[in-house]
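**Student:** Pasting a structure below so you can have a look.
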Amino acid sequence: MYQVFKDKGLIFQETTLAMSLADGQQTTGEVFTTQVMIEIEEKSVLTIFIILPKAKGNRTLLGTDFLNSAGLILDVKNACWYFWDNPTHKYPFGEELNTPSIAEMSSNTC
């Protein structure tokens, strides 16, 4: 993702960030950050992407900060999600999607 964003001309800030990993470990490391507009179900959300330069082959994750700023509510029990301001319009969780290649992502505009 870093290379795709870089090729699109996004500006990155280098900073040190304290992180809690999925296994509960806490670590501090150098990261790059940039702001990206994410579109989801016809809504646009400006979010900060954190790039871990030493990570290889990892997938893009949208964390709780994104869920909060987008106003998304996850209903795990019913396998769906919705926007907080419209709880009656629910979207089912999708199946695992085929991730496009870097070349395919590079050909799309941000």
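**Student:** Name the single residue that is nearest to THR33 (Cα to Cα) among those in region 65-88 being exposed (fewer than 13 other Cβ atoms within 10 Å of the Cβ) and of a type in the set (D, E, K, R).
**Tutor:** Here the residue is ASP65.
**Student:** Give me a count of the residues in region 9-18 that are exposed (fewer than 14 other Cβ atoms within 10 Å of the Cβ), at negative phi and not aliphatic (A, V, I, L, M).
**Tutor:** Adding up the residues that qualify gives 4.
**Student:** Being more than 15 Å from the chain's Cα centre (by Cα), farther than 25 Å from PHE93 by Cα, of a type in the set (Gly, Ala, Ser) and surrounded by 10 or more Cβ atoms within 10 Å (Cβ to Cβ) narrows it down to one of GLY24, GLY29, so name that one.
**Tutor:** Exactly one of GLY24, GLY29 is more than 15 Å from the chain's Cα centre (by Cα), farther than 25 Å from PHE93 by Cα, of a type in the set (Gly, Ala, Ser) and surrounded by 10 or more Cβ atoms within 10 Å (Cβ to Cβ), namely GLY29.
**Student:** Does region 44-64 hold any residues that are touching a residue at least 24 places away in the same chain (Cβ under 8 Å), surrounded by 12 or more Cβ atoms within 10 Å (Cβ to Cβ) and under 27 Å from PHE93 (Cα atoms), and which are they?
**Tutor:** Listed by number, the residues that qualify are VAL45, PHE49, ILE50, ILE51, LEU62.
FYI, it's all coordinate maths here, none of it is from the lab. Just so it is clear, the structure is predicted and the values come from calculations on it, not from any experiment. Neighbour counts are summed over all protein chains in view; Cβ atoms, including those assigned to glycine, are modelled from backbone coordinates with ideal geometry.
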